[in-house]
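Asks: Questions regarding the structure given below will be posed in turn.
What follows draws every value from the coordinates through simple rules; no lab data is involved. Keep in mind the model is a prediction, meaning the values are calculated, not measured. For neighbour counting, all protein chains shown are included, and Cβ atoms are generated from backbone atoms with ideal geometry for every residue, glycine included.
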Amino acid sequence: MYTFLDKFFFVFHTLIIFFNLFGWLWKKTRKLNLILLLLTTFSWFILGICYGFGYCFCTDWHYQVRMNLGYYNMPPSYTKFLVDSLTSLDFNAKLVDAFTLFFFLLALFASIYTNVKDWKARTRKDSEVYKLRG
C-alpha cells in the first residue's frame, strides 16, 4: 500500500505544482488555479508559522509514506526532491527554493491579473447587457 501511495503522491503533488504554475493560462481553469495558489500561500505562510516556512501538507503526507518505506533522508523542500528525482542530480537547496518562490510568485501574480481581467470583462459585458435591456 505504501508503494502505491508513494507513486500516487509523486504524481498528484507534481500535477498540483504544474497546475499552480500554468493553470492561469486557460480561462476555464483560472478560478480554480487562483484558489489552489491561495491555498498554497496559506499553507506556506500561515501554517508555516507553526510548522516552518514553506510547509505543505502534501509534502508532509508524502514524506510520512516514504518514511514507512524506509526513506529517512528527505530534503525539506518537495521541489528539491522532485527536481533531484527527475534529473538524478543534486541541486543546491537554496537555489531550488529561490526558483520555487520566484516562479510561484510569478504564477500568483499572473493568476490574480488574469482573474481580475476576466472579472472586469464579465462586469463590463453584464453592464452593457443591462443598459440594452433597461
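Asks: What nm distance separates the two modelled labels at LEU101 and ILE49, each placed 7 Å from Cα along Cα→Cβ?
Replies: Taking the simple label geometry, LEU101 and ILE49 are separated by 1.9 nm.
Asks: Select from LEU38, LEU89, LEU15 the residue whose mean-square fluctuation is largest in a Gaussian network model of the chain (Cα-Cα springs shorter than 10 Å).
Replies: LEU89
Asks: Quick check of the Kirkwood formula: for the chain, what is the inverse mean of 1/r over all pairs of different Cα atoms, in Å? Before the final figure, lay out each step's value.
Replies: On the way: mean 1/r = 0.0595 Å⁻¹.
Result for the chain, one decimal place: 16.8 Å.
Asks: Shifting gears a bit: Given the Cα-Cα distance of PHE109 and ASP6 and 0.36 nm per residue of separation, how much length would full extension add, in nm? Don't skip to the answer; put the middle values down first.
Replies: On the way: separation 103, 0.36 × 103 = 37.08 nm, distance 3.16 nm.
Extra length available between PHE109 and ASP6 comes to 33.9 nm.
Asks: Specify the angular offset, from 0 to 90 degrees and rounded to the nearest 10, of the alpha carbon long axis of helix 78-87 from the longest principal axis of the alpha carbons in the chain.
Replies: Approximately 70 degrees, to the nearest 10.
Asks: With springs only between Cα atoms under 10 Å apart, run a GNM on the chain and tell me which of LEU37, LEU21, LEU47 wobbles the most.
Replies: LEU47
Asks: Here's a follow-up. Using only Cα atoms, tell me the angle between helix 93-133 and the longest principal axis of the chain; keep it within 0 to 90° and round to the nearest 10.
Replies: In the chain, helix 93-133 runs at an angle near 20 degrees to the longest axis.
Asks: Evaluate E = 1/(1 + (r/R0)^6) for MET67 and THR29, where r is the Cβ-Cβ distance and R0 equals 25 Å; express this FRET efficiency to the nearest 0.05. Spell out each step's value before the answer.
Replies: Numbers: r = 34 Å, r/R0 = 1.34.
After rounding to 0.05, the efficiency reads 0.15.
Asks: Let me ask another. Using helices alone, I'd like the mean residue ellipticity at 222 nm for the chain: each DSSP H run of four-plus residues gives -39500 (n - 2.57), total over residue count, nearest 500. If you can, show how the numbers build up before the last one.
Replies: Working: 6 runs with 100 residues, N = 134.
-25000 deg cm²/dmol, from helical runs alone.
Asks: What residue among GLY70, GLY54, GLY23 shows peak mean-square fluctuation when the chain is described by a Gaussian network model with Cα springs under 10 Å?
Replies: Result for the chain, Cα springs under 10 Å: GLY70 fluctuates most.
Asks: Relative to the longest principal Cα axis of the chain, at what angle does helix 2-22 sit, 0 to 90 degrees, rounded to 10?
Replies: The angle comes out at about 40 degrees.
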